[in-house]
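Input: a single structure, listed below in structure tokens.
The values are calculated or read from the model by the stated rules, or taken from the named source; none is laboratory data. What you see is a predicted model; the values in this text were computed from it and never measured. Cβ sites come from the backbone with ideal geometry, for glycine too, and all protein chains shown count toward neighbours.
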Amino acid sequence: MFFAVALMVSAISCSQDRDKYIKIEGYAQGGVYSVTLNLDSVDVRPEVIRDSVEAILHRIDFTLSGYNRNSLLSAFNQGDTIVPNRLFVDMYVRAYDIYNETRGIVDAASAPLFDLWGFGFKSGEMPSDDQVRKVLASSGMQHLCASMEAGVPLAGSGLLIEGDEPPKLNYNAIAQGYSCDLVAEYLYSIGVKDMMVNIGEIFCDGLNPSGQPWTVGIDRPVDGNNELGVQVQGIFKAPSGPHGIVTSGNYRKFYVRDGKKYAHTIDPRTGYPVSHSLLSATIVADDAIIADAYATYCMVVGLEESKTLLAQRPDLEGCLIYDNEGEFMTWCSDGFTLTAM
């Protein structure tokens, strides 16, 4: 999901400090990525850091991408026997934990539903109610074991605990947040303290080149707003310490049939695209995978349940943009301050 854009501050008070920052950019996961970091106290050469980041993203693509036909995930979903690497196992275990934590609202084993509606790895559009019921009955993590082992050959049937056929997996709701966390983990390992990792979702820590907290623009959730940072609802200044910052919304992936909008957020409990007033949800958490998961969670459950969640979870902050009779309205949790442009 590519919904938030990092904003760099151009006014630098100390050019000597700014010279220690580098920016790595490239293409990954269907879009561009950028990593900005401070080289102070880091002994690794910039080109080595660049190559290491690229290697991490390539490994994620080879392991977890449903769009890469040669990935382990694609082979698994096709029914082939694979040998899971540690990345495949870790993603699966994290996804299963998130499924349990969200009571099935964020469900990586709902790939057949997304395919059915045309928002997954296959084309599809406007299924019948009977088709939805049939696919829904065989989707979901409840059909699968909670664990797997790296290095041991595995087919989907080896995870199946109920049903006739294992559901396919789709990590789109959490994979980019997970990718941010893995890149950040590498940067920490080489001594980086100030960083912003932007792979559509964001992880940041420390300070930006001006010595100030990192800032993130929250895009205005206008249907078809596909250019990051062109229409911005407001600016969020990240708090101190490590944080994942993720925005999810229904204004970039949707289609309209018979005057009704069908958005890419599918409720795995019902099998249907959601229909409510919440247009986008920006979530701040300690890491990006959790922020990613709960941004999706909010878009599934809607405005009021999202407010309740954020009021009950001191580890999460959020900004909810919703429609009120044609007018954009914004609600923010106590720890989330959105500054108007």
Q. What residue, of 171, 178, is among the aromatic types (Phe, Trp, Tyr) and either in a helix (DSSP H, G or I) or more than 23 Å from the chain's Cα centre (by Cα) (or both)?
A. 178
Q) Do we have residue 281 as modelled with pLDDT of 85 or more and under 20 Å from the mean Cα position of the chain (by Cα) here? A) yes
Q: Please find, within region 258-278, the residue that is modelled with the lowest pLDDT out of those that are buried (at least 19 other Cβ atoms within 10 Å of the Cβ) and among the hydroxyl-bearing types (Ser, Thr, Tyr).
A: 262
Q: Among the candidates 310, 320, single out the residue that is assigned to a helix (DSSP H, G or I) and modelled with pLDDT of 95 or more.
A: 310
Q. Of everything in region 318-336 that's of a type outside the set (Phe, Trp, Tyr), without any contact (Cβ under 8 Å) to a residue 40 or more places away in the chain and surrounded by 13 or more Cβ atoms within 10 Å (Cβ to Cβ), which residue is nearest to residue 247 (Cα to Cα)?
A. 318
Q. Among (1) surrounded by fewer than 22 Cβ atoms within 10 Å (Cβ to Cβ); (2) under 19 Å from residue 135 (Cβ atoms); (3) modelled with pLDDT of 95 or more; (4) not aromatic (Phe, Trp, Tyr), which single condition is residue 101 missing?
A. (2)
Q. Just to be sure, is residue 340 modelled with pLDDT under 90 and out of contact with any Phe, Trp or Tyr (no Cβ under 9 Å at 6 or more places or on another chain)?
A. yes
Q) Do we find a residue being in contact (Cβ under 8 Å) with a residue 40 or more places away in the chain, in contact with a Ser or Thr (Cβ under 7 Å, 6 or more places away or on another chain), buried (at least 20 other Cβ atoms within 10 Å of the Cβ) and closer than 28 Å to residue 273 by Cβ anywhere in region 74-93? A) no
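From the list 75, 108, exactly one residue is in a loop (DSSP other than H, G, I, E, B) and at pLDDT 95 or above. Which is it?
Criteria check complete, one pass: 108.
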Q) Would you say residue 59 is surrounded by fewer than 20 Cβ atoms within 10 Å (Cβ to Cβ), without any contact (Cβ under 8 Å) to a residue 60 or more places away in the chain and of a type outside the set (Phe, Trp, Tyr)? A) yes
Q. Would you call residue 68 in contact with a helix residue (DSSP H, G or I) (Cβ under 7 Å, 6 or more places away or on another chain) and without any contact (Cβ under 8 Å) to a residue 40 or more places away in the chain?
A. yes
Q: Select, from 235, 245, the only residue that is outside any helix (DSSP H, G or I), modelled with pLDDT of 95 or more and β-branched (Val, Ile, Thr).
A: 245
